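Taken together, the values in this text are just the output of simple stated rules run on the coordinates, not laboratory data. Just so it is clear, the model here is predicted, and its values are computed rather than measured.
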Amino acid sequence: MSHLDRIPKLSLGLFPTPVHRLDNISRLLHTNVYIKRDDLSGLGLGGNKVRKLEYLLAEAKRQGAQVVFTTGGAQSNHAMLTAAAAGKLGMKAILLLKRRGVTEDLGNRMLERLMGTETHLLDTDSYEEIYAEMDRMGAALGLPYYKIPCGGSNPLGTLGYVACARELREQGQSFQHMVCAEGSGGTLAGLALGAKLYLPGTQVHGMMVDSDPFEQISLALMQGAAELLGLSLTLSPADSHLRDLCGPGYGIPSPEGNAAVALMAEQEGIFLDPVYTGKAFAGLLALAREGAFGPEDRVLFLHSGGAGGLFALPPTALTAE
């Protein structure tokens, strides 16, 4: 039995998710580009947060929580999926979202309303203030509650993408490069740790869509996840490769990201979003242009979901100019 199998988790998604070659993109880039379809993970509109929530909500259940709090931006994919998972499990989700980005009843906020989710918009950039408000509200409710950090990115949530790396190996897949969005740290940290354990020789690239110090954040999450698994590993920032794709700011579409969204839609009929996966795919395109991939290389792009965000923006926000 592996160390990973000793950590309790729930079954919330449809796994394994498919892996397939992007033939048209591969031809354009003169290499072999594959996609891991975690946008098809089965809960809500799918996405990477489902893997994290399988571990996080298992702990919430063990602790007897009846209420789950989480946070993020107004259009947070993680918050929407937390609400979906909590409802499926018979728990109440309360979302404390930053009043940042598109706050109208569009995109993920419309989906939250459809699920009857209790949502509060807070005019702050401080997560410390938000977590303190969760404790205040939880105490007022008088019910056992559980707090999930932004993006589900703590060592326990990070295990979801360690498991994803193992899933790739079990699918018979190997790659020279893996590319994912880096928005709160846990997905990259899990893939990087998972690559060391299950896919040695794979370079993991995190495309930063926010301006946080992800070199330190991702390393700390990798170390924390390794400790949960009872592993003694030498880890360093060199275990992942970071690139700044934030553009004009978190949650704000960039010309490069928009062009990447359009290219994937036109060439492969697959929809990315302008906040996370579009910018991450723009990073993959930039690496290809710079000669980072050889003609025989196998490059994996993780589609981490986020389609709901497409419907929160006016069409003019998705232009490449």
10 °C / 1.306 mPa s Stokes-Einstein diffusion coefficient of the chain, Kirkwood radius on C-alpha pairs, µm²/s = 81
Beta bridge orientation in the chain: antiparallel %, DSSP, nearest 5 | 10
Out of LEU57, LEU235, LEU193, a Gaussian network model of the chain with alpha-carbon springs under 10 Å gives the largest mean-square fluctuation to LEU235
For segment 247-317, the convex hull over Cα atoms projects on average to an area in nm² of 5.1
May I ask you to list the aspartates and glutamates whose Cα is less than 17 Å away from that of LYS147, ignoring any residue fewer than eight positions away on the same chain?
-> GLU54, GLU59, GLU118, GLU128, GLU129, GLU133, ASP135
Do any of LYS196/LYS279; LYS9/LYS196; LYS36/LYS88; LYS61/LYS196 go past 27 Å between their Cα atoms, and which?
-> LYS61/LYS196
